[in-house]
1. What do you reckon, is Thr83 among the β-branched types (Val, Ile, Thr), out of contact with any Cys (no Cβ under 8 Å at 6 or more places or on another chain) and not assigned by TED's automatic domain parsing to the domain that holds Asp171?
2. Specify the residue that is surrounded by the fewest Cβ atoms within 10 Å (Cβ to Cβ); the eligible residues are those in region 68-84 that are touching a helix residue (DSSP H, G or I) at 6+ places or on another chain (Cβ under 7 Å) and free of Cβ contacts under 8 Å to residues at least 24 places away in the same chain.
3. So, restricting to strands (runs of 3 or more DSSP E) that lie completely within region 1-80, which ones have at least 3 residues that are of a type in the set (A, V, I, L, M, F, W, C)?
4. Identify, from the list Ala92, Ala147, Ala142, the residue that is in a helix (DSSP H, G or I) and modelled with pLDDT of 95 or more.
5. For the condition of a type in the set (Gly, Ala, Ser), modelled with pLDDT of 95 or more and under 23 Å from Phe7 (Cα atoms), what is the one hit in Ala190, Ala210?
Amino acid sequence: MKLHTYFRSSAAYRVRIALNLKGLAPDQAFVHLRKGEQARPPYSDLNPEHLVPALEVDGPEDGPDGHHVLTQSVAIIEYLDETHPTPALLPADALGRARVRALALAVACDVHPLNNLRVLNHLKTMGHGQEEVDGWYRHWIAVGLTALEARLAGDPRTGRFCHGDEPGLADILLVPQMLNARRFGCPLEAYPTLRRIDEACCALPAFAAAFPDLQPDAEA
């Protein structure tokens, strides 16, 4: 198993957390996004989307020599949960799984894509200055976190973590987004539930070890 990663990628951060929770330690290959390595061979041949992470795995399913390249962080995490079911990252009941997936996808689909590095860079190529780009970022963070706060604070299924008292898929998605919000100076006072869950997660070794600044390829 090999993880292609970049220390500051939110999506790679998610997968690192999941791997740590599962007790897995794959080999790592580092793809420097700000140097454009994701768009050049050999990585561009591995993942034509030019995004990280990618996880190389071997398995009995059909594929070149049984070798497979998995992309998209949520798909990778669900694969890990299915192939290494303990500890479970999704609830046992269908309604619980639907709730957790909805919380996770609210980050993965509604917030993160609007604030991805390539989107922010494209805004600059369209003539927007750094102040405007930062304003764009903070706007969509506020929209997304406000909705998540309302959903979590008002639901009795929220426990120590997003769903109950064990960390799962939704928490794995939330923590990197909260770090991004802090990096960009987004006010977080209006999100006490999110801050409480984030703090509980970051106190766990699996989350703490995945922190971007602790990765081998981390830069100041």
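The values are calculated or read from the model by the stated rules, or taken from the named source; none is laboratory data. In this text, all values refer to a predicted model and were calculated from it rather than measured experimentally. Neighbour counts are summed over all protein chains in view; Cβ atoms, including those assigned to glycine, are modelled from backbone coordinates with ideal geometry.
1. On the way: among the β-branched types (Val, Ile, Thr): yes; out of contact with any Cys (no Cβ under 8 Å at 6 or more places or on another chain): yes; not assigned by TED's automatic domain parsing to the domain that holds Asp171: yes.
Yes; evaluated as a whole, the condition is true for this residue.
2. In the first step, residues of region 68-84 are kept if they are touching a helix residue (DSSP H, G or I) at 6+ places or on another chain (Cβ under 7 Å); the result is 69-70, 73-74, 76-77, 80.
Filter again for free of Cβ contacts under 8 Å to residues at least 24 places away in the same chain, leaving 69-70.
On the way: Val69: 15, Leu70: 20.
Ranking the candidates gives Val69 first.
3. 54-58
4. Testing whether each residue is in a helix (DSSP H, G or I) and modelled with pLDDT of 95 or more leaves just Ala147.
5. Exactly one of Ala190, Ala210 is of a type in the set (Gly, Ala, Ser), modelled with pLDDT of 95 or more and under 23 Å from Phe7 (Cα atoms), namely Ala210.
Here's the yes/no breakdown for (1) free of Cβ contacts under 8 Å to residues at least 60 places away in the same chain; (2) more than 23 Å from Gln72 (Cα to Cα); (3) crowded, with 17+ Cβ neighbours inside 10 Å:
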{"site": "Asn121", "(1), (2), (3)": "yes, no, no"}
{"site": "Tyr137", "(1), (2), (3)": "yes, no, yes"}
{"site": "Leu152", "(1), (2), (3)": "yes, yes, yes"}
{"site": "Gly159", "(1), (2), (3)": "yes, yes, no"}
{"site": "Asp165", "(1), (2), (3)": "yes, yes, no"}
{"site": "Thr193", "(1), (2), (3)": "yes, yes, yes"}
{"site": "Arg196", "(1), (2), (3)": "yes, yes, no"}
